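Following: one structure in structure tokens, then a few remarks.
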Amino acid sequence: MTIIGWIVLGLLAGVIAKILMPGRDPGGLIGTTVIGIVGAFVGGWLSARFLDRPIDADFYDGATWISAIGGSLVLLIAYRVFFGHSRGR
């Protein structure tokens, strides 16, 4: 996959992660989108490095999507833990 493919995958993974974990995010829509893109990269790297499951070049591979969404969820949870209460409500 090209870098543009990973960005599109990250955008979609961020939206799916936001749907799976609704609530108020400190960064809003833009922050969640960035978390989705970074989460796709992190999820792909973790999958290839520690699970011995390299990510295929196919955009429609299920393992690619699961790793991207999983990475996005992990980063979204970490973001909420570290920055969730930094603003007044």
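The values are calculated or read from the model by the stated rules, or taken from the named source; none is laboratory data. Remember, predicted model here, so these are calculated numbers, not experimental data. Backbone-built Cβ (ideal geometry, glycine too); neighbour counts: all protein chains shown. All accessible areas refer to the heavy atoms of the entire protein, side chains included, with ligands and DNA or RNA removed. Shrake-Rupley method; radii C 1.70, N 1.55, O 1.52, S 1.80 Å.
Observations
- The number of residues in the range 16-33 being closer than 16 Å to ILE69 by Cβ, in a helix (DSSP H, G or I) and open to solvent by 80 Å² or more (accessible area, probe 1.4 Å) comes to 2.
Here's the yes/no breakdown for (1) in contact with a His (Cβ under 8 Å, 6 or more places away or on another chain); (2) among the β-branched types (Val, Ile, Thr); (3) touching a residue at least 24 places away in the same chain (Cβ under 8 Å):
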position: ILE16; (1), (2), (3): no, yes, yes
position: PRO22; (1), (2), (3): no, no, no
position: ILE30; (1), (2), (3): no, yes, no
position: THR33; (1), (2), (3): no, yes, no
position: VAL38; (1), (2), (3): no, yes, yes
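- Failed item in (1) under 13 Å from LEU75 (Cα atoms); (2) hydrophobic (A, V, I, L, M, F, W, C); (3) out of contact with any helix residue (DSSP H, G or I) (no Cβ under 8 Å at 6 or more places or on another chain), with VAL38 passing the rest: (3)
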